[in-house]
1. Checking T80 against (1) modelled with pLDDT of 80 or more; (2) over 19 Å from T26 (Cα atoms); (3) out of contact with any helix residue (DSSP H, G or I) (no Cβ under 9 Å at 6 or more places or on another chain), only one condition comes out false. Which one?
2. Which of the numbered conditions does K51 fail, given that it passes all the others? Conditions: (1) touching a Ser or Thr at 6+ places or on another chain (Cβ under 9 Å); (2) basic (K, R); (3) over 30 Å from P140 (Cα atoms).
3. For the range 115-137, give me the residue count where each residue is farther than 18 Å from K160 by Cβ, of a type in the set (S, T, Y) and within 9 Å of the chain's Cα centre (by Cα).
4. Please go through (1) outside any strand (DSSP E or B); (2) open to solvent by less than 70 Å² (accessible area, probe 1.4 Å); (3) over 19 Å from K145 (Cβ atoms) for S12 and return the number of the only condition it doesn't satisfy.
5. Looking at (1) open to solvent by less than 90 Å² (accessible area, probe 1.4 Å); (2) at pLDDT 75 or above; (3) part of a helix (DSSP H, G or I); (4) over 20 Å from A24 (Cβ atoms), can you tell me which one D112 breaks?
6. Scan the range 115-127 for residues that are more than 18 Å from N8 (Cβ to Cβ) and in a strand (DSSP E or B) and jot them down.
7. Quick check on my filter: what residues within the range 92-150 are aliphatic (A, V, I, L, M), touching a residue at least 12 places away in the same chain (Cβ under 8 Å) and under 17 Å from R66 (Cα atoms)?
8. Just one of A24, A50, A4 is surrounded by 10 or more Cβ atoms within 10 Å (Cβ to Cβ) and assigned to a loop (DSSP other than H, G, I, E, B); which is it?
Amino acid sequence: RQFAKVLNVFISSEANTRRSGEDAMTRRIPRSVSSYTILPDSVLTSTEKAKAFVVAQGFDGAVLMRPVAVDKETTYVPGTSAYAVPAGYRSAWGYWGTGWSGAYDPGHYRQDQVVYVESNVYSLTDDKLIWSARTKTYNPDNVPKMVDEIVDGSIAEMKKQGIVTATQPSQ
């Protein structure tokens, strides 16, 4: 689908996360604009005001992303062990090598933080959802990097499905 003018919105109460997400989308989607650069904060939480503002600006497409959940996922990592070969017992150094190569790891549980982000593409001229996806990211330690990875994955899928045309991010 080819839009003439796309509004990119990353819904987040944290201003830096919002800007980071919107700028990442704007670098990748031609003819698009980060919402924070044109929408006054006073219209963000009012559907009617936001719609009137966006329509007046002539946007025909919108990409909206938002974190929808942060959760924990627990995974069991099985242990390992190896049987010590009896020949390894004949000398200290034989046992040493056999022992270390067969050291027992009892296994453990690993807990990961998982962030889910929903991405939706809308045709504003038809007021219809045309594409939706949910991504999950594990153990984000850097919010801008996480947002960039989510945007990369979502935009790549949108491009593959012909929802939007996309460009490579400028470095």
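The values are calculated or read from the model by the stated rules, or taken from the named source; none is laboratory data. If you're wondering where the values come from, they're calculated on a predicted model, not measured in any experiment. Positions of Cβ are backbone-derived with ideal geometry, glycine not excepted, and every protein chain shown enters the neighbour counts. Calculation scope for accessible area: heavy atoms of the full protein, side chains included, ligands and nucleic acids excluded. Shrake-Rupley method; radii C 1.70, N 1.55, O 1.52, S 1.80 Å.
1. All conditions pass for T80, except number (1).
2. For K51, the exception is condition (1).
3. Residues meeting the conditions: 2.
4. Just one mismatch for S12, condition (3).
5. The single condition D112 does not satisfy is (3).
6. Scanning the range 115-127 gives V115, Y116.
7. Listed by number, the residues that qualify are V114, V115, V117, V121, I130, A133, V143, M146, V147, I150.
8. The conditions single out A4.
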